[in-house]
């Protein structure tokens, strides 16, 4: 029945308090949301937790939804922001370990050690700086450059540059591994 | 270029896992609840517009996926289990529930109706209250509307419509399985039974429904976010340039368990996870005990030829702590601070934690007190300070713990300390025990504030120990940092037998310290020793001046614990010397002494601020088999780290040495170590 209703109409109805609309909307997008969270975090447990954060916060975020926005774009934005929050939280605690080495380097090193067990791309993506990783996650999730630009609040040119930069770095990581 | 991207995308798509059906259903439900809470569907604090089963029905309307249906079925099944006599049997029946056909269950529906009618009014609230504090589940009000009675029928009708008959048992079975790994609703089984007194004793006293973790079958995680402290191995030092070596003792054992868990999964451990001193100190040693009335621990120094280098010597420094009479120990106040974030939902985490703590409970005395505070998933005190003799209450609280959620409410850590402060009485021992799989979102945001907070509390006498559970997200670095700041130990629990070792066999040592801020300083005699190298203790190095500074914190020695430190030294004139003598250095020095070096130890008696000094010269002597075994483990650890000092020495040599020095090994720890060496040997080929 609701399958023919557009995402945008559902979102508006949900913002108006229609719980069935909200429910169908989330049900429709959950799997995609989870997949995107996985691209952002690179780890299943992290992705599950991030998805849960988003689900918990989504009703409140509905207020920020505006008619002209595409629901997918809006969801991307919510997800990217939630991922940033999580990373920031993590980083704060990671800093508690100053004196025992830089956390990110450690984690990367630990990742490198288990690279055989871990999918190469996920691991490589984890080595990218956050802005590149977010951009790549979006584009690999079939977002257009324009959409990614809107989500991340940068220009389309920046997105294109970041993509080529990310590819360059991934290639470098690969080359380094092949050489090593 | 686009081809590149397509390849990447294909790679990524294949790497992306399917969302977990159960988590999906939970998350959708959580979102819906928050949505309702936000819509103000309940104008008053305790309104009555909806009941639990209308909620279930809405869920059935909105969730048509298998996951949603499973969750719903689980809820109804839970209701059955608790409310009906048949359910009681199921609950008790252990493994038999899987074979009960659905038909038989459907027959119980009238009984459900009857029981529901008789049940106290707030049954539904107890059943469904989730652990997330901001969820707004209060939507499910406490009354029973008449429509409730048809609900079970609705649910089963729906089940039989959607699922073909043969599939039905699977659905029902899933519902039952949910009981073992607490997820939806079951988290508050204790609330439920509080209102149904006749179910309480069976449901809680009987812990057999806990899933038994299979220690040796641990699936490799997908991507992991583990963090280990990165420390380069201690470098070789030239005695003439730097004759003094200073470090703090380390009584953690986490590294050994992490190494074991990696090897058992068929992987060599990450190098940074191998801290050699923790591996050595994992084992109990039969060192000479201190005499009564003497210092609380006794140092023993012995030397032997280095197994991996005939031209160098190992100097083995052993500290054996005294074991005070256990009968006279002061009462203990323990606050468990338990991580209940979603990732704890794994057989090797929360269920293992529960079983571990139950094991430990048997070791406590009636006058000891236990409290439980949770953080992450659910925040707050779930068990008020309770005498350890009240096993039923503690067991119930432990069984009621459920994983889920990652929202952080009140600061879990602050609350844990608050509870500990409330329990404190003069002469008692206070300790907070943090159990986590790596989520340190304990409620204090500023890392320095977190350290200071723990250190402040340490100074007021409440210590912190950290127990790690599960792999994949383990934040070993933070575990270490917190435990070191809290004067506690960091241990990693990977199997029930490890829990037995840490929380049962060595509980006294883990909870009662006999000497604080134990520091070791060795001054080597350049006339006898050309070069030296401390094996391990990288994360425990201290500055030379820190030794006499009582303000500088160091490790605690627990009752009956022993600590081992090993130096590899190169005597003057040995062909193994790696550095050439300096051409322009001072000419011939007259040997002032035959001693190799001088060992100084500082410690503080418990509760004191001023340290005391123990000194003993280091001279060649014959090491016994205990030291030989420690050397074998030191070699093993360095092999795992791929350290460069071992030359051709191999795992086979380590195995031979360890076997020769195995001793009586009453707990089998040493035999296990040999097994691990064999595994590492095979895996490294």
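The values are calculated or read from the model by the stated rules, or taken from the named source; none is laboratory data. Being a predicted model, the structure only gives us computed values, none of them experimental. Backbone-built Cβ (ideal geometry, glycine too); neighbour counts: all protein chains shown.
Quick one: residue B:256 ticks every box in (1) under 30 Å from residue A:39 (Cβ atoms); (2) assigned to a helix (DSSP H, G or I) except a single one, so which number is it?
Looking at each condition in turn, residue B:256 falls short on (1).
Looking at the range B:518-538, can you tell me whether even one residue there is within 14 Å of chain A (Cβ to nearest Cβ) and modelled with pLDDT under 90? Step through it out loud before you land on a result.
Let us first name the residues in the range B:518-538 that are within 14 Å of chain A (Cβ to nearest Cβ), namely B:537-538.
From what is left, the residues that are modelled with pLDDT under 90 are B:538.
Within the range B:518-538 (the criterion being within 14 Å of chain A (Cβ to nearest Cβ) and modelled with pLDDT under 90), the answer is yes, since at least one residue qualifies.
Taking helices (runs of 4 or more DSSP H) that do not extend beyond the range B:608-685, which have at least 3 residues that are under 22 Å from residue B:303 (Cα atoms)? Please lay out each step first, then the result.
Working: elements: B:625-641, B:651-660, B:669-683.
Correct list: B:625-641, B:651-660.
Could you tell me which residue of the range B:442-485 is nearest to the chain's Cα centre (by Cα), considering only residues that are in a loop (DSSP other than H, G, I, E, B) and modelled with pLDDT of 75 or more? Write out each step before concluding.
Going through the range B:442-485, the residues in a loop (DSSP other than H, G, I, E, B) turn out to be B:442-446, B:460-461, B:470-474.
Restricting the remaining residues to those that are modelled with pLDDT of 75 or more gives B:460-461, B:470.
Numbers: B:460: 24, B:461: 22, B:470: 8 Å.
Selected residue: B:470.
Condition first: part of a helix (DSSP H, G or I), more than 28 Å from residue B:428 (Cβ to Cβ) and either free of Cβ contacts under 8 Å to residues at least 12 places away in the same chain or assigned by TED's automatic domain parsing to the domain that holds residue B:616 (or both). Can you find one or more residues in the range B:507-525 that meet it? Before you say what the answer is, go through the steps one by one.
So the first thing to find is which residues in the range B:507-525 are part of a helix (DSSP H, G or I), and the list is B:507-511.
Within this subset, residues satisfying the condition of being more than 28 Å from residue B:428 (Cβ to Cβ) are none.
Scanning the range B:507-525, I find no residue that is part of a helix (DSSP H, G or I), more than 28 Å from residue B:428 (Cβ to Cβ) and either free of Cβ contacts under 8 Å to residues at least 12 places away in the same chain or assigned by TED's automatic domain parsing to the domain that holds residue B:616 (or both), so the answer is no.
Could you please let me know if residue B:657 is in contact (Cβ under 8 Å) with a residue 40 or more places away in the chain, touching a helix residue (DSSP H, G or I) at 6+ places or on another chain (Cβ under 6 Å) and under 16 Å from residue B:566 (Cβ atoms)? Reasoning before the result, please.
Numbers: in contact (Cβ under 8 Å) with a residue 40 or more places away in the chain: yes; touching a helix residue (DSSP H, G or I) at 6+ places or on another chain (Cβ under 6 Å): yes; under 16 Å from residue B:566 (Cβ atoms): yes.
Yes; evaluated as a whole, the condition is true for this residue.
Of B:573, B:560, which residue is crowded, with 16+ Cβ neighbours inside 10 Å and either at pLDDT below 85 or part of a loop (DSSP other than H, G, I, E, B) (or both)? Full working, then the answer.
Details: B:573 fails: crowded, with 16+ Cβ neighbours inside 10 Å.
Result of the check over B:573, B:560: B:560.
Quickly run through the range B:536-556 and pick out the residues that are surrounded by fewer than 20 Cβ atoms within 10 Å (Cβ to Cβ) and assigned to a strand (DSSP E or B).
Result: B:541, single match.
Can you work out which of the residues in the range B:279-331 that are free of Cβ contacts under 8 Å to residues at least 40 places away in the same chain and buried (at least 19 other Cβ atoms within 10 Å of the Cβ) is farthest from the chain's Cα centre (by Cα)?
B:300
Taking the criterion of being outside any helix (DSSP H, G or I) and without any contact (Cβ under 8 Å) to a residue 24 or more places away in the chain, would at least one residue in the range A:160-177 satisfy it?
no
Can you list the helices (runs of 4 or more DSSP H) found entirely within the range A:1-90 that contain at least 3 residues being more than 9 Å from chain B (Cβ to nearest Cβ)? So that I can check it myself, show each step before the final result.
Working: elements: A:7-15, A:19-41, A:44-61.
Result: A:7-15, A:19-41.
Looking at residue A:148, is it surrounded by 13 or more Cβ atoms within 10 Å (Cβ to Cβ) and either on the phi < 0 side of the Ramachandran plot or in contact (Cβ under 8 Å) with a residue 24 or more places away in the chain (or both)? Let's see the steps before the verdict.
On the way: surrounded by 13 or more Cβ atoms within 10 Å (Cβ to Cβ): yes; either on the phi < 0 side of the Ramachandran plot or in contact (Cβ under 8 Å) with a residue 24 or more places away in the chain (or both): yes.
Yes: the conditions hold for residue A:148.
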